[in-house]
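Just below is one structure, and these are the notes that go with it.
The values are calculated or read from the model by the stated rules, or taken from the named source; none is laboratory data. On a predicted model such as this, the values are computed, not experimentally measured, just so you know. Glycine also receives a Cβ, built like all others from the backbone with ideal geometry; neighbour counts cover every protein chain displayed. Surface accessibility is based on the protein's heavy atoms, side chains included, excluding ligands, DNA and RNA. Shrake-Rupley method; radii C 1.70, N 1.55, O 1.52, S 1.80 Å.
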Amino acid sequence: MEAISVLFLRPVPFSSSPLLSPKNPQIIRKVIPRRTLILRRTLRLSLSHGITNNAPEPAPETAPAPAPAPAPLFSSWTPPQPLWRGLSALILAGQVAHRALSGRIHRRNTLQQLERVGPRSTGVCLLTAAFVGMAFTIQFVREFTRLGLHRSVGGVLALALARELSPVVTSVVAAGRVGSAFAAELGTMQVSEQTDTLRVLGAHPVDYLVTPRVIACCLALPVLTLLCFSVGLASSAFLADAVFGVSINIILESARRALRPWDIISAMIKSQVFGAIIAIVSCAWGVTTHGGAKGVGESTTSAVVISLVGIFIADFALSYCFFQGAGDSLKDAMG
């Protein structure tokens with residue numbers, strides 16, 4: 001093959017070979033047809049081995065790929081975090097109510113959380129109620145004494161403390177102290193997968209973690225509210241007697257005449273509702289925590305803020321339902 005290629009790439013001139021000179025025409029006629037035959041054989045051999053001037057083989061024709069199926073409408077939509085956390089709080093509240101009514105309560109855990117919410121929070125709640133009561137006493141006694149209505153100061157303070165100040169102040173303190181602890185504790189357990197460990201061990205997280213906390217808040221906050229009301233009224237009477245000269249007996253007698261049993265009952269109902277809001281929101285925000293330590297901090301802050309907003313909204317709704325129309329409590333207090 002190399003000889004053939006050399007023969008075709010380097011043609012021998014007529015002048016250099018005596019056989020191919022113009023003087024020998026017969027030899028030329030024999031050589032040229034022989035070269036043509038060799039060329040044909042070479043081309044056939046190349047085609048049989050698949051050599052076609054190093055040209056690439058044409059790609060086989062393939063069928064067109066089928067068009068992808070359209071994605072569902074909400075497949076790529078992610079709900080906002082406050083929305084699904086709010087829905088999780090509602091679902092959690094339903095689960096807690098079902099377990100409490102069916103008797104699926106972890107008693108030992110409930111007692112531990114009751115001690116945590118009640119006795120351990122008593123000091124800060126009573127201290128806050130005392131100073132709030134004295135601050136209101138300063139504002140009311142000054143103005144009412146100038147108007148000659150010092151006998152109604154006790155009734156005004158008793159109604160304000162019983163209907164609004166005691167349940168709201170107690171709930172705010174509990175949200176800052178207990179609610180933040182619930183959210184941080186459950187958030188840490190969630191990011192460290194301790195709640196999954198409870199499921200593996202056969203204990204449902206709602207039964208073991210959430211229900212005891214909700215029951216503890218609903219039972220402890222009414223008692224704390226009653227104690228705060230008593231301390232707030234006592235501190236108000238002491239300040240009015242010591243600073244403004246209004247006798248303690250006048251304050252307490254005016255408060256006795258102004259208060260009705262429904263005022264105390266409404267305060268207890270409010271505090272129970274507020275306790276349920278604090279516990280459910282804090283636990284729901286805790287069990288939906290993700291993102292490590294940063295997520296725990298964000299969940300704790302958000303749980304306290306949402307709990308306070310829920311307390312104020314519920315306070316307005318309950319006050320609107322409980323106290324409608326004109327009242328005559330102060331008229332009885334002045335008489």
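If you check Ser236, Ser230, Ser180, which single one turns out to be surrounded by fewer than 24 Cβ atoms within 10 Å (Cβ to Cβ), at pLDDT 90 or above, of a type in the set (Gly, Ala, Ser) and over 33 Å from the mean Cα position of the chain (by Cα)? Before you say what the answer is, go through the steps one by one.
Values: Ser236 fails: surrounded by fewer than 24 Cβ atoms within 10 Å (Cβ to Cβ); Ser180 fails: over 33 Å from the mean Cα position of the chain (by Cα).
After applying the criteria, what remains is Ser230.
Being open to solvent by less than 30 Å² (accessible area, probe 1.4 Å) and charged (D, E, K, R) is the filter; apply it to the stretch 245-304 and report the residue that is nearest to Val206 (Cα to Cα).
Filtering first and then ranking leaves Lys270.
Filter the stretch 284-335 down to residues that are at pLDDT 85 or above and of a type in the set (Lys, Arg), then give me how many there are.
Adding up the residues that qualify gives 1.
Out of all the residues in the stretch 203-227, which are outside any helix (DSSP H, G or I) and open to solvent by less than 70 Å² (accessible area, probe 1.4 Å)? Give the steps one after another, and end with the answer.
So the first thing to find is which residues in the stretch 203-227 are outside any helix (DSSP H, G or I), and the list is 203-204.
Scanning the stretch 203-227 gives a single hit, Ala203.
Give the residue, chosen from Ile215, Ile265, Ile250, that is without any contact (Cβ under 8 Å) to a residue 24 or more places away in the chain and either farther than 30 Å from Ala184 by Cβ or hydrophobic (A, V, I, L, M, F, W, C) (or both).
Numbers: Ile215 fails: without any contact (Cβ under 8 Å) to a residue 24 or more places away in the chain; Ile250 fails: without any contact (Cβ under 8 Å) to a residue 24 or more places away in the chain.
Only one candidate passes the filter, namely Ile265.
Could you figure out which of (1) at pLDDT below 90; (2) open to solvent by 40 Å² or more (accessible area, probe 1.4 Å); (3) part of a helix (DSSP H, G or I); (4) within 30 Å of Val178 (Cβ to Cβ) isn't true of Ala242?
Ala242 satisfies all of (1) at pLDDT below 90; (2) open to solvent by 40 Å² or more (accessible area, probe 1.4 Å); (3) part of a helix (DSSP H, G or I); (4) within 30 Å of Val178 (Cβ to Cβ) except (4).
Determine whether the stretch 83-98 contains at least one residue that is farther than 29 Å from Tyr320 by Cα, of a type outside the set (Val, Ile, Thr) and open to solvent by less than 50 Å² (accessible area, probe 1.4 Å).
Within the stretch 83-98 (the criterion being farther than 29 Å from Tyr320 by Cα, of a type outside the set (Val, Ile, Thr) and open to solvent by less than 50 Å² (accessible area, probe 1.4 Å)), the answer is no, since none of the residues qualifies.
Given the residues Thr145, Thr78, Thr128, Thr170, which is the only one that is of a type outside the set (Gly, Ala, Ser) and exposed (fewer than 15 other Cβ atoms within 10 Å of the Cβ)? Step through it out loud before you land on a result.
Details: Thr145 fails: exposed (fewer than 15 other Cβ atoms within 10 Å of the Cβ); Thr128 fails: exposed (fewer than 15 other Cβ atoms within 10 Å of the Cβ); Thr170 fails: exposed (fewer than 15 other Cβ atoms within 10 Å of the Cβ).
Residue meeting the stated conditions: Thr78.
Given the condition under 30 Å from Phe322 (Cα atoms), out of contact with any Pro (no Cβ under 9 Å at 6 or more places or on another chain) and without any contact (Cβ under 8 Å) to a residue 12 or more places away in the chain, answer yes or no: does some residue in the stretch 284-293 qualify?
Of all residues in the stretch 284-293, those under 30 Å from Phe322 (Cα atoms) come to 284.
Next, only the ones that are out of contact with any Pro (no Cβ under 9 Å at 6 or more places or on another chain) stay: 284.
Filter once more, so that each one left must be without any contact (Cβ under 8 Å) to a residue 12 or more places away in the chain: none.
No.
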